[in-house]
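The values are calculated or read from the model by the stated rules, or taken from the named source; none is laboratory data. In this text the structure is predicted, and so the values were computed from the model without any measurement. Ideal geometry is used to build each Cβ from the backbone, glycine not excepted, and the neighbour counts take in all protein chains shown.
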Amino acid sequence: MFPSYDELPTATSLLMQCGYRSKVCTKARATKIDGSLHKLCEFHRRKANANQQRLHKRQREQRPVDMELLELLLQDARPQPTATCPPNSPVSVDDVSYIIV
């Protein structure tokens, strides 16, 4: 009729409980290789790692586009060469000074 003591769910102490911030997760924290505890349970660790990998992938894909834009902006900012008269042009020095002023 009643479940036995072994079948009742037990609450994990707050220190041993998953530190997932969006919702309360009562699962136990995952254990690191060295024996210390992770902040999250195994499920939320996998979820967080997958999200982080997706973010890094998007950032890697965006980096070349950003570099191309930067190059274009720098190219526009560089001074463009001005038109100069060839050495044997029929334009006199007075004409050039009139054009410049």
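I'd like to check something: does region 14-26 contain any residue that is out of contact with any Leu (no Cβ under 6 Å at 6 or more places or on another chain), surrounded by fewer than 10 Cβ atoms within 10 Å (Cβ to Cβ), at pLDDT below 90 and not in a strand (DSSP E or B)? Looking for residues that are out of contact with any Leu (no Cβ under 6 Å at 6 or more places or on another chain), surrounded by fewer than 10 Cβ atoms within 10 Å (Cβ to Cβ), at pLDDT below 90 and not in a strand (DSSP E or B), one finds at least one in region 14-26, hence yes.
Going by the conditions given, is Arg78 modelled with pLDDT of 85 or more and of a type in the set (Lys, Arg)? Taking the combined requirement at face value, the residue does not satisfy it.
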